[in-house]
Amino acid sequence: ISGNSMKHNIPAEKLGPAGTLMAEAVQACVHCGFCLPTCPTYGELGQEMDTPRGRIILMKEALEGSLPTDRALPHVDRCLGCLACETSCPSGVEYRNLLGPFREKSEAERRRSLGEKLRRKILLTALPFPSRFRWAARLGLLARPFAKMLPKGLRPMMELLPDKLPRAVALPEVTSTQGVPRARVALLAGCAQQVIDPSINLDTIAVLVRNGVEVVIPKTQVCCGALGWHAGAGEHARKLARKNLKTFPEDVDAIVTNAAGCGSGLREYPLMMKGLPEEGPAKRFASKVVDLSEFLDKLGFEKPPSAKGCPRIVYQDACHLRHAQGVVDAPRRLLRAISGIELVEAAEPEICCGSAGSYNIDQPEIAASLGKQKVGNLLD
């Protein structure tokens with residue numbers, strides 16, 4: 001079927017509001033194979049079923065009812081959702097419009113082991129909530145010496161924890177700039193980041209204020225919902241999204257994010273809310289979401305201090321910035337504005353590092369291999 005869009009018999013009207021988008025994604029694929037070289041799991045496993053076009057066929061047949069869903073799920077589960085396939089696709093297949101809704105639909109039909117259910121419960125009830133996650137991380141550090149005694153599926157969580165957690169940081173609700181502000185933005189504080197490395201948000205506020213931007217951090221904001229959405233927990237994600245739609249102020253010039261996965265998650269609110277009353281507000285909200293690097297690049301920024309010692313720097317592209325949001329040049333322009341540095345490019349910048357939200361917990365072997373390759377490319 002190479003060169004022709006895939007015909008389908010997907011009952012889009014029975015799949016809910018996102019059914020038409022799912023069918024359109026299937027129809028757009030011409031099976032050309034341009035996605036294969038940029039697909040991390042194809043590079044790792046070498047199987048057609050673990051490629052974007054292979055997964056599209058599996059999801060298509062599952063949606064049509066000609067293939068049991070549980071036959072497709074192992075291969076769909078191994079997808080990182082990095083969306084490198086979208087960047088490399090000449091036909092413009094919006095793979096994200098198929099993957100997220102399919103995972104949500106298939107969750108009701110899935111059979112999970114007790115260990116999988118426990119791991120999923122911990123992820124969805126702890127990680128999206130900073131205070132809970134901090135306590136869970138502390139318990140994980142205490143239990144780490146006994147990790148071999150615990151179920152295998154829980155061990156990667158402990159291995160990924162830092163040896164020590166930094167102190168919690170209270171973020172100011174409003175940080176003003178001297179004089180008339182050039183812009184006013186709302187900042188998404190994030191979840192795990194507040195626990196693992198809260199200095200990132202403090203540095204973000206400092207850079208924005210230095211460049212004449214007033215920063216608002218709504219206290220009642222919650223997780224972006226990306227973790228639940230990518231795990232097939234649609235209602236969990238929508239509950240968080242509704243909270244953010246009500247919480248973030250409308251009188252801001254932008255909603256700034258400093259984590260690529262979170263920014264991508266916020267931009268997917270219209271897909272999460274497809275066909276629901278919140279779809280309109282979600283579109284307006286998503287239109288204001290912008291990564292910190294892109295925001296500063298468009299606004300114009302004060303020249304950073306010069307670097308000392310002629311450092312050689314390599315920039316690592318986050319998949320959900322490069323592929324999901326299409327932001328490639330802005331971070332590099334910011335770095336090149338620092339005099340005294342040499343910015344070099346790594347090999348295979350389009351290939352995922354293997355982290356992908358909770359992927360390094362759900363698929364630790366593939367994630368570890370991809371991570372090793374990425375580190376090697378960066379060090380080279």
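Observations
- Number of the exception - LYS374 against (1) open to solvent by less than 30 Å² (accessible area, probe 1.4 Å); (2) in a helix (DSSP H, G or I); (3) over 18 Å from GLY43 (Cα atoms): (3)
- Test result for LEU123, open to solvent by less than 60 Å² (accessible area, probe 1.4 Å), modelled with pLDDT of 90 or more and under 21 Å from the mean Cα position of the chain (by Cα): yes
- Just one of the numbered conditions (1) farther than 30 Å from ALA23 by Cβ; (2) surrounded by 14 or more Cβ atoms within 10 Å (Cβ to Cβ); (3) modelled with pLDDT of 95 or more is not true of CYS85: (1).
- Flag for LEU58 being out of contact with any Ser or Thr (no Cβ under 6 Å at 6 or more places or on another chain) and more than 18 Å from CYS39 (Cα to Cα): no
- Restricting the first member to the stretch 53-80 and to residues that are farther than 26 Å from GLU365 by Cα, and the second to residues that are open to solvent by less than 30 Å² (accessible area, probe 1.4 Å) and of a type in the set (Gly, Ala, Ser), the beta-carbon pairs closer than 7 Å and six or more apart or on different chains are ALA62/ALA72.
- Looking only at the stretch 46-82, and only at residues there that are over 22 Å from GLN373 (Cα atoms) and of a type in the set (D, E, K, R), the one that is most open to solvent (accessible area, probe 1.4 Å): ARG71
- Selected residue (criterion: nearest to the chain's Cα centre (by Cα)) from residues of the stretch 99-120 that are of a type in the set (A, V, I, L, M, F, W, C) and open to solvent by less than 60 Å² (accessible area, probe 1.4 Å): LEU99
- Being farther than 17 Å from ARG96 by Cβ, at pLDDT 95 or above and not polar (S, T, N, Q) is a property that holds for GLU48.
- In the stretch 368-379, the residues that are closer than 20 Å to GLU159 by Cα and in contact (Cβ under 8 Å) with a residue 40 or more places away in the chain reach residues that are open to solvent by less than 40 Å² (accessible area, probe 1.4 Å) and part of a helix (DSSP H, G or I) with C-beta atoms within less than 7 angstrom, at least six apart or across chains, in these pairs: LEU370/PRO40.
- The number of residues in the stretch 126-148 that are surrounded by 13 or more Cβ atoms within 10 Å (Cβ to Cβ), closer than 12 Å to CYS191 by Cα and of a type outside the set (Phe, Trp, Tyr) comes to 6.
- Residue check, ARG138 outside any loop (DSSP other than H, G, I, E, B), under 23 Å from the mean Cα position of the chain (by Cα) and not polar (S, T, N, Q): no
- A count restricted to the stretch 21-45 and to residues that are touching a Lys or Arg at 6+ places or on another chain (Cβ under 9 Å), open to solvent by 40 Å² or more (accessible area, probe 1.4 Å) and among the hydroxyl-bearing types (Ser, Thr, Tyr) stands at 0.
- Evaluation of ARG155 against the conditions (1) in contact with a Lys or Arg (Cβ under 9 Å, 6 or more places away or on another chain); (2) open to solvent by less than 50 Å² (accessible area, probe 1.4 Å); (3) assigned to a helix (DSSP H, G or I) shows that the sole unmet condition is (2).
The values are calculated or read from the model by the stated rules, or taken from the named source; none is laboratory data. Remember, predicted model here, so these are calculated numbers, not experimental data. Neighbour counts are summed over all protein chains in view; Cβ atoms, including those assigned to glycine, are modelled from backbone coordinates with ideal geometry. When the accessible area is computed, the model is the full protein with side chains, heavy atoms only, and any ligands, DNA or RNA have been set aside. Shrake-Rupley method; radii C 1.70, N 1.55, O 1.52, S 1.80 Å.
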